[in-house]
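Below: the structure, in structure tokens.
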Amino acid sequence: MNSTLILSIFAATFIVLETVFFLACFKWLSNGKKLREKEFNRLDQERAELVELQAAVTGELALAKKISEETLAKLRKVGADAHDEWIEMTQRCESLLTDIEAKSRDIVANAVAQMNKSTMQIEKSTQLATNASADLKESTQSAQKLLRFLDESVPSDEIFKELQAEKYAEARQLIYEGAEMNSICRKLGLSQNEVQLLSYMG
């Protein structure tokens, strides 16, 4: 009786302990499952946040890439336009410089031609004036000689001697200048013998 009771108590105690043990194990497993589920939920949430963040970063990168491509395209267009304007401006400047150079050459050429023409006219006028002065001087001398010749107070022999001396002096000058003998004779009315003698006298 006592043994049966003891066994029954022992069995009941074992069953209770086993039940408690299984309940503890079940609770522990249940708590572990909840923790795992909670951890999985947290991981899923973090993963969702990471996916969302990745999508946002991807969108921002795509937008930044689009903006950079548009900016690069604008910069290329601006650079191309600036290059075209620079080329056009350079061509205009070169054309303008060419026109200015051509006009300058024409102006200088015209000025030089005008100056040469004016110089020639001045030289011609100077030569004419010199010739006129020489003619006037010769006419004056001729007039003076004629007046002396007409002056009765001056002996005619003296006048003839002076005229002859002047002819000889002019003949010497022409000989010195290399004039031909015939031209000297015709111009001064001297004979060839006279001119030849003057050339020998030097």
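General observations
- With a Förster radius of 35 Å applied to the C-beta separation of T19 and F40, the computed FRET efficiency comes to 0.70.
- Counting 0.36 nm for each residue step from L136 to Q91 and taking away their Cα separation leaves a gain of 9.7 nm.
- Full-extension gain in nm, V108 to Q164, via 0.36 nm per residue minus C-alpha separation: 14.5 nm
- Sorted ascending by nearby beta carbons within 10 Å, beginning with the fewest, I67, I175 become I67, I175.
Laboratory data are not the source of any read-out in this text; all were calculated from the coordinates shown. Since this is a predicted model, take the numbers as computed values, not measurements. Note: ideal-geometry Cβ built from the backbone for every residue, glycine included; neighbour counts use all protein chains shown.
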